[in-house]
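Please read the structure below before turning to the comments.
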Amino acid sequence: MTLGLQDKYGENRVFDTSLSEEGIIGRAVGMAIAGLMPVPEIQFRKYADPACEQINDCGTMRWRTANRFAAPMVVRMPVGFFRCGDPWHSQTNEVQFVHSPGWRVACPSNAEDAVGLLRTALRGNDPVMFLEHRNMLDATSARRPYPGDDFALPFGVAKRVREGDAITLVAWGAMVERCEAAAEKAGVSADILDLRTLAPWDSEAVLASVKRTHRCLIVHEDIGTGGFGGEIAAIVADRAFLASRRASRAPHDAGHPLSAPS
Amino acid sequence: MAQVLLGLHLTHPKDAICGYYRSRPILLSLGVALEDALGSAMGRAGGYSDGRDIGVVFNYPNARGASALPMCGGVGAQYTPTAGYAQAIEYHKNVLGDRAYDGAIGVVLGGDASVATNGFWAALTMATTLKLPMLFYVEDNGYGISTPSWLQTPGCNIAQNLASFNGLKIYDGDGTDPEEASYLIREAVSHTRAGRGPVLLHLTVPRLQGHSFQDTQAYKSKDVVEAEWARDPLPKLKAHVVPSLLSETDWAAFEASAQERVARAAQIADQRPVSEASQVTRFVFSEDGALQDEGGLWNGGYDAPRATDQARPEGARINMITAIRRTLDHELAVNPRVLVFGEDVGPKGACTV
Ligand SMILES: Cc1ncc(C[n+]2csc(CCOP(=O)(O)OP(=O)(O)O)c2C)c(N)n1
């Protein structure tokens, strides 16, 4: 992934660290405050666990200092199942980062989106989790021509990868190509949305699609209980299905990620 | 007393400290207003968090002198960001050629119990292996709330235990003795400033009161409490300067004026309203037109290159690995503030694939 970059940019700009994820993210926090744009890498999703405290504190920094300080950075890490699974190398658990206020979360499904989202993140003003799905890194279906040095994608804008009117399929990362293959195989006219980012996520696009198709299937690679798919299901149920049956609707209050004073 | 002495040495505009809830004295010595210190602890509007945090963990953006990186409630969380800041000082000097960082240092403050945390050891490894301009200031009051310090480091003294740690200069002494503390602090700061690598300064102090208002210190014997009060640094400081430098009257005048300033500040703080409820959802993320005071590219005058969301596909299809590498490569090329690091990302080029 970073092969050759150290040769080109030197050991001050591309370097190995000591084996401490807390150290890797904490270091990035101090560097970001000093005006740099750190791009720390975690070797596997599970190994972000020792950095939890720094990740959480980084995310809340802007809010808890009332916009006096912020530590924008781009944390890259591989996620998800690839070839064989185990509890340490196959986790996705994107939802933990979405649940950490202040983090933007990108889960590209292909090479073009990866370029566009990474570029936006590297030029941005918020901390970003950039999650690279292991199964897509060299997948044929994820290959695209390089979209250019100026190409940058906004966060929170889903991509319609297939148009249809019988059912809405919502996915991201490695599940996008699975949905495409399944729709193809079943011969169903599916409206397939690739969310591309989970924080923020494009609820407008999903709701608009569901209003047309009246059916919604969310496909996520995670534990069934408490995954991000559950959040989408809650919003779709509330705003698309229940809303149409209610005269007046109570506002859904899970939309704003807030930290509480401790 | 020792914290204030340390604060007086942090005169470099690019110095930064990161402390914890017990770091109020050094924050006041850096310039935090008394009203802010008191008002924030009362959860009032304004101050350093607009009532959003616990009040005793500070942050202090300061363009003219030492800044205080945002502190956290978690013990040990202060260490690795300070090491990162110290590494950024080196980056500004060596990569960006910014001479404004020459001689700047990062200072972290922690208690005796914090030396048992992961953050302490992670930062110690970083600072010593990379020879960072970083000062570890450990204020040892013998307890972490009620837990005695023999459980935090064998024999209670982290300075003794780290005596043979490669690349770390140790200073160890009595934080209540004005002469000794001031000498050790001066030596520790100048060693770090001179670029001779990280320093650990361990000073012993008494904790005169409970950890919090609810804490009656029932776990300390009467003798221990008496011995602690006998080490109160304030009378020691007075004995040190009166009458050799100040008259008894001067000292009394100082005392009275300090009391008056605090009382006035408390009054001002008390009159502050609580923060505006309608504003509480702001600043979870960045907002256009409202840049933070410190941190990130944008408030340093960064002007992002032109971008488009229209792909202009060029060449053959590439996989995600090449796509990500090429994007990193381009951004490293156009922005000298971008840097990439992690385990095995250097010569090996990452481990996953
Ligand atoms: C990670 C974490 N665990 C537990 C606590 C609760 N806690 C607050 S202060 C404290 C003791 C810290 O002692 P020390 O570092 O010696 O500092 P002192 O208060 O004595 O100056 C504990 C356990 C915390 N704030 N953070």
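The values are calculated or read from the model by the stated rules, or taken from the named source; none is laboratory data. On a predicted model such as this, the values are computed, not experimentally measured, just so you know. As a convention, Cβ positions derive from the backbone with ideal geometry for all residues, glycine included, and neighbour counts pool all protein chains shown. Each accessible area value is taken on the protein alone, full model and side chains, heavy atoms only, with ligands, DNA and RNA left out. Shrake-Rupley method; radii C 1.70, N 1.55, O 1.52, S 1.80 Å.
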* Out of the residues in segment B:195-216 that are open to solvent by 60 Å² or more (accessible area, probe 1.4 Å) and free of Cβ contacts under 8 Å to residues at least 12 places away in the same chain, which is nearest to the ligand (Cβ to nearest atom)? -> B:Gln209
* Asked: Can you name the number of the only condition in (1) crowded, with 18+ Cβ neighbours inside 10 Å; (2) within 16 Å of the ligand (Cβ to nearest atom) that B:Leu184 fails?
  -> (2)
* Structure fact -> The condition of being under 21 Å from B:Ala188 (Cβ atoms) and either within 14 Å of the ligand (Cβ to nearest atom) or at pLDDT below 95 (or both) holds, among B:Ile26, B:Ile54, only for B:Ile26
* Structure fact -> Residue pairs within 6 Å by beta carbon, gap of at least six or interchain, first lying in segment A:114-125 and buried (at least 24 other Cβ atoms within 10 Å of the Cβ), second part of a loop (DSSP other than H, G, I, E, B), listed first then second, are A:Ala114/A:Pro108; A:Val115/A:Pro147; A:Gly116/A:Ala152; A:Gly116/A:Leu153; A:Leu117/A:Pro108; A:Leu117/A:Leu153; A:Arg119/A:Ala152
* Asked: Pairs, please: C-beta under 7 Å, at least 6 apart or cross-chain, first residue without any contact (Cβ under 8 Å) to a residue 40 or more places away in the chain and open to solvent by less than 50 Å² (accessible area, probe 1.4 Å) and in segment B:136-151, second within 7 Å of the ligand (Cβ to nearest atom) and in a strand (DSSP E or B)?
  -> B:Ser149/B:Tyr143
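Here's the yes/no breakdown for (1) at the interface with chain A (Cβ under 7 Å from one of its Cβ atoms); (2) closer than 19 Å to A:Val39 by Cα:
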| position | (1), (2) |
| --- | --- |
| B:Ala265 | no, no |
| B:Pro313 | yes, no |
| B:Ile318 | yes, no |
| B:Ile321 | yes, yes |
| B:Glu331 | yes, yes |
| B:Glu343 | yes, yes |
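Going by the conditions given, is B:Val32 part of a loop (DSSP other than H, G, I, E, B), in contact (Cβ under 8 Å) with a residue 24 or more places away in the chain and surrounded by 21 or more Cβ atoms within 10 Å (Cβ to Cβ)? Talk me through it step by step, then tell me what you get.
Numbers: part of a loop (DSSP other than H, G, I, E, B): yes; in contact (Cβ under 8 Å) with a residue 24 or more places away in the chain: yes; surrounded by 21 or more Cβ atoms within 10 Å (Cβ to Cβ): no.
Judged against the criteria, B:Val32 is not a match.
With the requirement that a residue be in a strand (DSSP E or B) and either free of Cβ contacts under 8 Å to residues at least 12 places away in the same chain or within 24 Å of B:Leu328 (Cα to Cα) (or both), what does segment A:63-103 give you? Don't jump to the end; show me each part of the working.
Start the filter on segment A:63-103 by keeping residues that are in a strand (DSSP E or B), which leaves A:69, A:74-79.
The answer is A:Val74, A:Val75, A:Arg76, A:Met77, A:Pro78, A:Val79.
Just give me the residues in segment B:136-150 being touching a strand residue (DSSP E or B) at 6+ places or on another chain (Cβ under 8 Å) and assigned to a strand (DSSP E or B), in sequence order. If you could, list the steps in order and put the result at the bottom.
Quick first cut of segment B:136-150, residues touching a strand residue (DSSP E or B) at 6+ places or on another chain (Cβ under 8 Å) only: B:136-142, B:144, B:149.
B:Phe136, B:Tyr137, B:Val138, B:Glu139, B:Asp140, B:Gly144 - these are the residues of segment B:136-150 that are touching a strand residue (DSSP E or B) at 6+ places or on another chain (Cβ under 8 Å) and assigned to a strand (DSSP E or B).
Is it the case, given these coordinates, that A:Gly26 is assigned to a loop (DSSP other than H, G, I, E, B) and buried (at least 20 other Cβ atoms within 10 Å of the Cβ)? Lay out the reasoning, then the answer.
Values: assigned to a loop (DSSP other than H, G, I, E, B): no; buried (at least 20 other Cβ atoms within 10 Å of the Cβ): yes.
It is false that A:Gly26 is assigned to a loop (DSSP other than H, G, I, E, B) and buried (at least 20 other Cβ atoms within 10 Å of the Cβ).
Select from segment B:75-89 the residues that are part of a helix (DSSP H, G or I) and within 16 Å of the ligand (Cβ to nearest atom) and list them in ascending order. Before you say what the answer is, go through the steps one by one.
First, the residues of segment B:75-89 that are part of a helix (DSSP H, G or I): B:79-89.
B:Tyr79, B:Thr80, B:Pro81, B:Thr82 - these are the residues of segment B:75-89 that are part of a helix (DSSP H, G or I) and within 16 Å of the ligand (Cβ to nearest atom).
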* Got a sec? Which of B:Gln267, B:Gln279, B:Gln310 is of a type in the set (S, T, N, Q), more than 20 Å from A:Ala28 (Cα to Cα) and touching a residue at least 60 places away in the same chain (Cβ under 8 Å)? -> B:Gln279
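Here is a check on your reading of the model: is B:Ala256 part of a helix (DSSP H, G or I), at pLDDT 95 or above and either over 21 Å from A:Met61 (Cβ atoms) or in contact with a Cys (Cβ under 9 Å, 6 or more places away or on another chain) (or both)? Talk me through it step by step, then tell me what you get.
Numbers: part of a helix (DSSP H, G or I): yes; at pLDDT 95 or above: yes; either over 21 Å from A:Met61 (Cβ atoms) or in contact with a Cys (Cβ under 9 Å, 6 or more places away or on another chain) (or both): yes.
Yes: the conditions hold for B:Ala256.
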* Structure fact -> Selection from segment B:79-110 of residues surrounded by 23 or more Cβ atoms within 10 Å (Cβ to Cβ) and either more than 9 Å from chain A (Cβ to nearest Cβ) or of a type in the set (S, T, N, Q) (or both) yields B:Thr80, B:Thr82, B:Gln87, B:Ala104, B:Ile105, B:Val107, B:Val108, B:Leu109, B:Gly110
* To do: Mind telling me which of the residues B:Ala37, B:Ala68 ends up being more than 14 Å from chain A (Cβ to nearest Cβ) and under 27 Å from B:Val262 (Cβ atoms)?
  => B:Ala37
* Residues that are part of a helix (DSSP H, G or I), surrounded by fewer than 24 Cβ atoms within 10 Å (Cβ to Cβ) and away from the ligand (no atom under 16 Å from the Cβ), drawn from segment B:114-135 -> B:Thr125, B:Thr128, B:Thr129
* segment A:36-62, subset within 21 Å of B:Ile324 (Cβ to Cβ) and part of a helix (DSSP H, G or I), residue most open to solvent (accessible area, probe 1.4 Å) -> A:Tyr47
* Of the residues in segment B:286-321, how many are at pLDDT below 95, farther than 23 Å from A:Met61 by Cα and among the hydroxyl-bearing types (Ser, Thr, Tyr)? -> 0
* Structure fact -> Of the conditions (1) open to solvent by 20 Å² or more (accessible area, probe 1.4 Å); (2) in contact with a helix residue (DSSP H, G or I) (Cβ under 7 Å, 6 or more places away or on another chain), the single one that A:Gly102 does not satisfy is (1)
* Determine whether segment A:46-64 contains at least one residue that is in contact with a strand residue (DSSP E or B) (Cβ under 9 Å, 6 or more places away or on another chain), within 7 Å of chain B (Cβ to nearest Cβ) and more than 11 Å from B:Gly342 (Cβ to Cβ). => yes
* **Odd one out for B:Gly73, checked against (1) facing chain A (nearest Cβ under 9 Å); (2) surrounded by 18 or more Cβ atoms within 10 Å (Cβ to Cβ)** => (2)
